[in-house]
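Quick notes on the structure that follows.
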Amino acid sequence: MKKVFKNIVLLAAFSLMLLAVNGCKSDLLDTVPTYMYSGENVWSSPVLAKAAVTGVYNQLYYQYSQSAAGSTPFDVYSSVMDIDMNWRSNSPAITGSMTPSTGMVASLYKMFYTIVYRSNDVINNIDKVPGMSDAEKSRYKSECKFLRAYGYTYLNVFWKGVPIYTENVSTSDAKKFRSTETEVWEQVISDLTDVINDTNIPDKIASGSSEYGRVTHGAALCYRGQAYQFLGDYQKALADFEKVGTLGYALFSPSNGAKGNDDFFKLFKPANEQCDEMIFSVQCVEMSGQGNPRGINYGNRCTGGSAWNNYLPNPAYVERFENEDGSKFNWDDYCPGWSSMTPKQRVVFFLRDGLVNGENGTYGTTETTKFNENRYKNMQEYGADMSKYLDKGNEARIRAAYEHRDPRLMQEIITPYSTYYGYESGVGAHIWTLRWPYILDAGAPYDIRTDTNSKVYYLWRKYVTEGEECTTRWVYPEDIILWRYAEVLLRRAECLNELGRTDEAITYVNMVRKRCGHVLLNDPDYPATAVKGQDDMRERIRYEFYVELGGEDSMFFNELRWGTWYDLKFRDHSSGLVGDINSNGLMQVWGETTYKNQSVGEQLKNGWPIPAKEMEMNSNLTQTTGWYN
């Protein structure tokens, strides 16, 4: 049981009971930590000081809570997924509406600086606490240096250079100039190096420990290695990722890579949230306001009573998943004529069986026939090429396009005509199927219902609750994963390949592929797996990043690091998919666009704008290049 961090809400409540904040607050920089009781009094008691440290950790959860600006998964900004049309306004970075005055820009800026300022308060004051051992003081100080580095990591990724504060300052004194992007990474590395060198910080915390969720050397090495990668120092990054491999972390692989295993799927279940693969995660609780919101927001109306499908895998992302022999997926192999058809014509491949003979209904022969005749006619009018329709076998044909792929595809995403074990109010735990056109979810034929029943989008399995795991919104206890060992292996492979050690890199990619039962690189029985040099290997490593980590808030930052993000998210492909995996905007499974992403301009490549209010308060700040107040 996660005793320390599963009780974090209770400590936070205790903090609020004692709240007596003095002084003034910036609108953006939380210069007076919200856990403070009364000035210096907090540092007169070990109990209050420990609660102050808990307050910094608590900000990690707040970042992902339903009410925070960061509750929108950062991978929404990547090419992996898109946001439902009804929630699109929550993402001004991809709607063309972002300005320095945008509320979300200010909220994110404040959120990460709050972590920095709370951390600074502990770092600069905990040595004053009486009755606390030097070892405890050192550990708490190092934990907060880690959390300060965490805050600056996000600030630097978004803003590419921000003011660095390592001391306690009031609003009137927060007047520093922006440091460069490199200088901020150097500050991150300095803090994390102190954490790594502190013998009071454990290498790894065992499953079931009351301390699980606190900072470890493993987590610090991951973030420092990432900072080195942003700086292009692959040798130092490699050394950090190699060190992580010596600390007891390992892939979750109880089946040892047996063909047909579902280890990858099980990895994202609460029962395995403290397995040896997990390095650092946000601790969630089966309690209102403390659960994992993604268990609901990644779901559907048959999830957790009646959840939402706010965040949807992009069809171009689904196309990335290889065939089971390691070759690239091609729709024409399963749906002849696909590449020469318009998206609306392709709808025919996704229709349920029985639209001619009515075999799918259970409403009485006459009524079923009438319903299906109307659906058939509607599809003709919609533009589907009904000459390719199979009244018996249409579902099996499209299922084959997903069933003979990289095993992670169907363990990560609900694809057309695959089943999902969920929970719906009034029905209970049951198995539903993603069919179209939708008929009924509360009884036979038990079709998956979504917020968008008139359209067909891919849906997530990853992070999504099943059965009675969660029957009330927002209480799913599955931790939010920030780092796991599979990502370390892929980053290790990336570093090796960039250093020209391609053959060594293959070993670590194959460890990840083996876990899910996928064919290995350079398998002589599968020609498509043959690696053809460093450039080819770079693309293969990036493929693994996508299919292994999609939806986990890693890919947006990797696309920024690789310099591929802007083109992937905003390049226009008005003709639909047609085999081009870099397609713009929210699309139905057959490539028909619901909306296109809109860029405010290429200044996005330079970083997000400094919030307008902050520019007003600090005359020493310069605005991000290309943005204007």
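The values are calculated or read from the model by the stated rules, or taken from the named source; none is laboratory data. Since the model is a prediction, treat every value here as computed from it, not as a measurement. Heads up, the Cβs are rebuilt from the backbone with ideal geometry, glycines too, and the neighbour counts pull from every protein chain shown. Calculation scope for accessible area: heavy atoms of the full protein, side chains included, ligands and nucleic acids excluded. Shrake-Rupley method; radii C 1.70, N 1.55, O 1.52, S 1.80 Å.
Overview of results
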{"read-out": "Search result, residues across the stretch 72-93 that are within 18 Å of TRP608 (Cα to Cα) and part of a helix (DSSP H, G or I)", "value": "PHE74, ASP75, VAL76, TYR77, SER89, ASN90, PRO92, ALA93"}
{"read-out": "Condition check for TYR117: in contact with a Pro (Cβ under 8 Å, 6 or more places away or on another chain) and either farther than 22 Å from THR199 by Cβ or crowded, with 23+ Cβ neighbours inside 10 Å (or both)", "value": "yes"}
{"read-out": "Filter result (open to solvent by less than 30 Å² (accessible area, probe 1.4 Å) and within 30 Å of TYR212 (Cα to Cα)) within the stretch 81-110", "value": "LEU108, TYR109"}
{"read-out": "Residues being out of contact with any helix residue (DSSP H, G or I) (no Cβ under 8 Å at 6 or more places or on another chain) and open to solvent by less than 10 Å² (accessible area, probe 1.4 Å) - total across the stretch 134-166", "value": "1"}
{"read-out": "Matching residues, the stretch 419-454, being under 24 Å from the mean Cα position of the chain (by Cα) and not aromatic (Phe, Trp, Tyr)", "value": "THR419, GLY422, LEU434, ILE448, ARG449, THR450, ASP451, THR452"}
{"read-out": "Where a residue in the stretch 424-443 is free of Cβ contacts under 8 Å to residues at least 40 places away in the same chain and aliphatic (A, V, I, L, M) and its partner, wherever it lies, is open to solvent by less than 20 Å² (accessible area, probe 1.4 Å) and assigned to a loop (DSSP other than H, G, I, E, B), with Cβ under 6 Å and at least six apart", "value": "LEU434/PRO416; LEU434/ILE448"}
{"read-out": "Condition met for ILE480 (hydrophobic (A, V, I, L, M, F, W, C) and in contact with a helix residue (DSSP H, G or I) (Cβ under 8 Å, 6 or more places away or on another chain))", "value": "yes"}
{"read-out": "Looking only at the stretch 587-629, and only at residues there that are of a type in the set (A, V, I, L, M, F, W, C) and assigned to a helix (DSSP H, G or I), the one that is nearest to SER78 (Cα to Cα)", "value": "LEU604"}
{"read-out": "Residue in the stretch 174-186 that is crowded, with 20+ Cβ neighbours inside 10 Å, without any contact (Cβ under 8 Å) to a residue 60 or more places away in the chain and over 23 Å from ASN606 (Cβ atoms) present", "value": "no"}
{"read-out": "Subset of the stretch 395-426 [in contact with a Cys (Cβ under 7 Å, 6 or more places away or on another chain) and assigned to a loop (DSSP other than H, G, I, E, B)]", "value": "PRO407"}
{"read-out": "In the stretch 585-606, the residues that are buried (at least 21 other Cβ atoms within 10 Å of the Cβ) and of a type in the set (Gly, Ala, Ser)", "value": "GLY591"}
{"read-out": "Flag for ALA429 being open to solvent by 10 Å² or more (accessible area, probe 1.4 Å), in a loop (DSSP other than H, G, I, E, B) and either among the aliphatic types (A, V, I, L, M) or more than 23 Å from LEU351 (Cβ to Cβ) (or both)", "value": "no"}
{"read-out": "Residue in the stretch 27-41 that is open to solvent by 10 Å² or more (accessible area, probe 1.4 Å), under 23 Å from TYR117 (Cα atoms) and at pLDDT 85 or above present", "value": "yes"}
{"read-out": "The stretch 481-524, subset of a type in the set (Val, Ile, Thr) and either closer than 18 Å to GLU242 by Cα or modelled with pLDDT under 95 (or both), residue most open to solvent (accessible area, probe 1.4 Å)", "value": "THR507"}
{"read-out": "Restricting the stretch 372-416 to residues that are of a type in the set (Asp, Glu) and closer than 15 Å to GLN345 by Cα, the residue that is surrounded by the fewest Cβ atoms within 10 Å (Cβ to Cβ)", "value": "GLU381"}
{"read-out": "Some residue of the stretch 66-74 being open to solvent by 20 Å² or more (accessible area, probe 1.4 Å) and in contact with a Leu (Cβ under 7 Å, 6 or more places away or on another chain)", "value": "yes"}
{"read-out": "Subset of the stretch 235-264 that is at pLDDT 95 or above and among the charged types (D, E, K, R) - its residue that is farthest from ARG501 (Cα to Cα)", "value": "ASP262"}
{"read-out": "Residues (part of a helix (DSSP H, G or I) and within 13 Å of GLY585 (Cα to Cα)) located in the stretch 94-125", "value": "ILE94"}
{"read-out": "Filter result for the condition that a residue is at negative phi, outside any helix (DSSP H, G or I) and acidic (Asp, Glu), over ASP325, ASP332", "value": "ASP325"}
{"read-out": "Filtered residue count, the stretch 321-337, keeping only those that are over 15 Å from TYR402 (Cα atoms) and surrounded by 14 or more Cβ atoms within 10 Å (Cβ to Cβ)", "value": "1"}
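Table: residues versus (1) crowded, with 23+ Cβ neighbours inside 10 Å; (2) β-branched (Val, Ile, Thr); (3) part of a helix (DSSP H, G or I).
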site: ASN168; (1), (2), (3): no, no, no
site: VAL188; (1), (2), (3): yes, yes, yes
site: ASP194; (1), (2), (3): no, no, yes
site: PRO202; (1), (2), (3): no, no, no
site: GLY208; (1), (2), (3): no, no, no
site: GLY218; (1), (2), (3): yes, no, yes
site: ALA227; (1), (2), (3): yes, no, yes
site: PHE230; (1), (2), (3): no, no, yes
